[in-house]
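These notes are about the structure you will find just below.
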Amino acid sequence: MNENTPPVAAREHTVESFTREFLRELNFSQGVDLDRASDNDKYLALAKTVRHYLMTRWLETLRNQYTDQAKTVAYLSAEFLLGPQLENSMLAANLDSIAAESLRGLGIDIEELRGVEIEPGLGNGGLGRLAACFIDSLATLNVPSIGYGIRYEYGIFRQTFVDGKQVEKPDDWLRLGSPWEIAHPENAVEVHFGGHTKKAHGGAEGARAWLPDWHVMAVPYNYMVPGYRNGRVNTLRLWSAKATRAFDLQIFNEGDYEEAVRAQTFAENISKVIYPEDSTPQGKELRLQQQYFFVAASLRDFLTNVLPPDYPLENLPNRVTWQLNDTHPVIAVPELMRILIDERGWDWDKAWGITQQVFAYTCHTLLPEALEVWPTDLLGKLLPRHLEIIYQINDEFVDQVRAAYPGDELRVRRMSIVAEHPVRAVRMAHLATVAGFKVNGVAALHSKLLAEKLLVDFAQMWPEKFTNVTNGITPRRFVRLSNPGLSGLITEAIGDGWITDLDQLSRLEPLADDAEFRRRFREIKSSNKVRLAGVLAKRGDIELAGDGMVDAMVKRLHEYKRQSLKLLHIVSVYEGICSGRIPLDSVTPRTFVFGAKAAPGYVRAKETIELINAVGRTINADASLKGRLKVAFPANYNVTLAEVLIPAADLSEQISLAGKEASGTGNMKFALNGALTIGTDDGANVEIRKLVGDENFFLFGMDEPAAAALQASGYHPDEFYESDADLKAALDMIASGAFTGGDQGGAVTSIFADLTEHDRFMALADFRSYLDAQAKVEAAYADQDAWSRSAVLNVARSGFFSSDRSIRDYLDRIWKAKPIDQNA
Ligand code: 7GP
């Protein structure tokens, strides 16, 4: 063994060597003997054994990254919703069977240990989960890349229900420690805030000196991001805020202990908790602090640690693309300008020239109110130099617009980065669009609507900047790991190449016509339902409707996603049964499963949760239904639960108002696991339907132009309420207090009033069409064999939705970076 030979863990494991290492970890890391070890000890020992194995690959990847100096994708995201790490790491390292066998030999049930892991909930929903899928694919595709984000001490809140109402509990996911992170306090970076600016002595023209009045340390925590069995382990670097010692000591020496502690708390609050918002921002100072905090640390880290010393920043565009995951990291733009001008002494034009070649921006919304704006008062107080730079960027930009559209002052006002009303504020999406060399939407329809509506002026001025990359999901986690039954069936039929080349699923097509294959597919679906039922039973008293249809709507609770439309359907069926309009025997046994968190301050969303739970309680308790209908709303839907629910689903509810859902990614996960979609012509549903075929998708509702036209012509929901007897009966049943013990106030009144008077997302207008589509679902489901055929075709035709394909599109259309084979 010469000195370059990696230590033992790098050699391939056998069951014996794995067991040896596991026991060693248990003894020397956890300090316990096997017979005294708790599940947590065993989990940590297992995690560390796996981590060891990956570590040598990680070091190798880091060494290569440094020596290759290849173009790198730096993915800047305020959220990474990672999900549990153990299983995925074992899978990537190809240690899953060895580990299972080794533990079995020791009398340990690996399933039990999985239950110990608390997932890092460092994201709200789609945007954060997408980032997690993307870093998985970047590693699997051998792309030199690094993810940058925030290590929130408290992740997205833990949802509980008390009397059917959402109550938020802190998510202290780190309470038992995490074996998946490695802290590097010695590499902490200073991040400054506040103060004022003044003319710089010397330096380039236009350079200013920033005299901040406080700062915090950003401590990096590194996470491994293993590629799927390719020897590459990329890095996710999450920053944690730490007060500086000097700062504390100074105050402490002045004799004010309490003040010293207060200052420390203030500083460390920056990475304390994730904002539980989704598509509705809150103008919070702390949030802006978080954004600058992680972005400043990440740029500094890249420029000083990833690049070699004295790297000529003129070459930066060949070395990096900083991908801005929505607008949360956009403050990176003035930060880079500040570094280049004030610290490196560049002149403005040169700095701007480079800055415009290194950032690209992904937009994740279509709701104008979800676009972030920062009041200049706040920005100027926290980041005075950055505000000056933004003003200058805007001055030059506005001149450019005036030159391109002489006399069109309205357009200038619309496009300006700085808005004047209602208060003077910076529009971060405009800044991102002006600075970015590319702007992309996340599904074909979304990108089209971005260019035609939300950012139309920009797309007219710079059509070449705008592009689409349809979202995707990682098949490793969301098929291979979460659906072992289906994975086995697929692999048996076509080999296991699909795991990294999902287009190969198309080879399953002929098998849709094979009765035996369909039977086995159904068998797997049933056993996935049993698994789901077991998990739900463990969490509470929720029961599924026998082996009936599992109809799932899981996503954040938001009016535009229209959980209320789903609720109207359920109530309508129930009302029909109660009133005798629908014979009970004709109703397909079905469990309606909801999973949804509401932002804590979003009153209407919370009322909707309350009402769903009330309806669920009533239906679940009604013995006259003979268990044919059930409503299951497990609290705290997260990645862990998604991995059990999605493989069990028959029907996927994707029912947002057309033109509102940017893409959706849950819709892709369901289709890939063989659920049929009932959905509007919205987001990526459009592409799903095109690929799986009209006959394997239940389309309903207005399309985007129809919805826009109805809105423009004046929408009157009461007209739909009055003219559709079923709709009226369902709404009246809710209003009567039938689900709320006679109570007609609270959530009941406000939701009834809102739907019949405003109904901003036109649920009532789409109700009839939705009901008709549900009738088609029932009819189709009655023929189980035909349904399975459609389900298999959904799997076979959804290969496009791999996040590997998304990443290839980004490489091709935006990043222009090249994969580097780690083993070559
Ligand atoms: C979501 C979109 O709502 C969803 O349609 C999309 O699939 C997902 O991003 C990934 O692209 N947006 C967010 O989660 C979000 O917070 C910020 O958007 C405005």
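The values are calculated or read from the model by the stated rules, or taken from the named source; none is laboratory data. Because the structure is a prediction, the values reported are computed rather than measured. Note that each Cβ is placed from the backbone with ideal geometry, even for glycine, and that neighbours are counted across all protein chains shown.
Values for this structure:
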| quantity | calculated |
| --- | --- |
| Members of region 109-154 found to be among the polar types (S, T, N, Q) and either within 16 Å of the ligand (Cβ to nearest atom) or within 20 Å of GLU168 (Cα to Cα) (or both), listed by number | ASN124, SER137 |
| Within region 162-205, tally of residues that are surrounded by fewer than 11 Cβ atoms within 10 Å (Cβ to Cβ), under 27 Å from the mean Cα position of the chain (by Cα) and under 30 Å from ASP349 (Cβ atoms) | 0 |
| Condition met for PRO406 (free of Cβ contacts under 8 Å to residues at least 12 places away in the same chain, more than 16 Å from the ligand (Cβ to nearest atom) and of a type outside the set (Asp, Glu)) | yes |
| Qualifying positions in region 619-634 - touching a helix residue (DSSP H, G or I) at 6+ places or on another chain (Cβ under 8 Å) and either of a type in the set (S, T, N, Q) or buried (at least 18 other Cβ atoms within 10 Å of the Cβ) (or both) | ILE619, SER624, LEU625, ARG628, LEU629, LYS630, VAL631, ALA632, PHE633, PRO634 |
| Filter pass, LEU286 being away from the ligand (no atom under 16 Å from the Cβ) and under 24 Å from the mean Cα position of the chain (by Cα) | yes |
| Pairs, first without any contact (Cβ under 8 Å) to a residue 40 or more places away in the chain in region 751-774, second surrounded by fewer than 23 Cβ atoms within 10 Å (Cβ to Cβ) and aromatic (Phe, Trp, Tyr), C-beta under 7 Å, six or more apart | THR756/TYR721 |
| Checking LEU611 against (1) assigned to a helix (DSSP H, G or I); (2) within 16 Å of THR591 (Cβ to Cβ); (3) not small (Gly, Ala, Ser), the condition it does not meet | (2) |
| So GLY149, is it in a strand (DSSP E or B) and not assigned by TED's automatic domain parsing to the domain that holds LEU23 | yes |
| Inter-residue pairs, beta-carbon under 6 Å, first aromatic (Phe, Trp, Tyr) and in region 466-487, second not in a helix (DSSP H, G or I), 6+ apart | PHE466/VAL439 |
| Within region 666-692, considering residues that are part of a loop (DSSP other than H, G, I, E, B) and crowded, with 24+ Cβ neighbours inside 10 Å, the one farthest from the ligand (Cβ to nearest atom) | GLY674 |
| Filter result for ASP821 (at pLDDT 95 or above and either assigned to a helix (DSSP H, G or I) or of a type outside the set (S, T, N, Q) (or both)) | no |
| Any hit, region 542-565, residues being modelled with pLDDT under 95 and part of a helix (DSSP H, G or I) | no |
| Check on VAL639, surrounded by fewer than 24 Cβ atoms within 10 Å (Cβ to Cβ), within 13 Å of the ligand (Cβ to nearest atom) and in the same structural domain as GLY595 (by TED's automatic domain parsing) | no |
| Near pairs, Cβ below 6 angstrom, 6+ apart or cross-chain, from region 777-790 (under 12 Å from ARG522 (Cα atoms)) to any residue that is aromatic (Phe, Trp, Tyr) | TRP787/TYR781; SER788/PHE521 |
| Options ALA730, ALA773, ALA753; residue that is of a type in the set (Gly, Ala, Ser), in contact with a helix residue (DSSP H, G or I) (Cβ under 7 Å, 6 or more places away or on another chain) and in a helix (DSSP H, G or I) | ALA730 |
| Cross-chain or 6+ apart pairs with Cβ under 9 Å, region 50-77 first and more than 16 Å from TRP322 (Cα to Cα), then acidic (Asp, Glu) | HIS52/GLU21; HIS52/GLU25; TYR53/GLU21 |
| Condition met for LEU727 (buried (at least 21 other Cβ atoms within 10 Å of the Cβ) and touching a Phe, Trp or Tyr at 6+ places or on another chain (Cβ under 7 Å)) | yes |
| Residue list for region 155-169, filter: away from the ligand (no atom under 16 Å from the Cβ), touching a Gly at 6+ places or on another chain (Cβ under 9 Å) and either within 27 Å of ALA662 (Cβ to Cβ) or free of Cβ contacts under 8 Å to residues at least 24 places away in the same chain (or both) | ARG158 |
| The one condition in (1) outside any helix (DSSP H, G or I); (2) crowded, with 23+ Cβ neighbours inside 10 Å that LEU645 fails to fulfil | (1) |
| Residues satisfying the stated conditions in region 355-371, i.e. away from the ligand (no atom under 15 Å from the Cβ) and of a type outside the set (S, T, N, Q) | VAL358, PHE359 |
| Of the criteria (1) more than 25 Å from the chain's Cα centre (by Cα); (2) on the phi < 0 side of the Ramachandran plot; (3) assigned by TED's automatic domain parsing to the domain that holds LYS660, which one VAL795 fails | (1) |
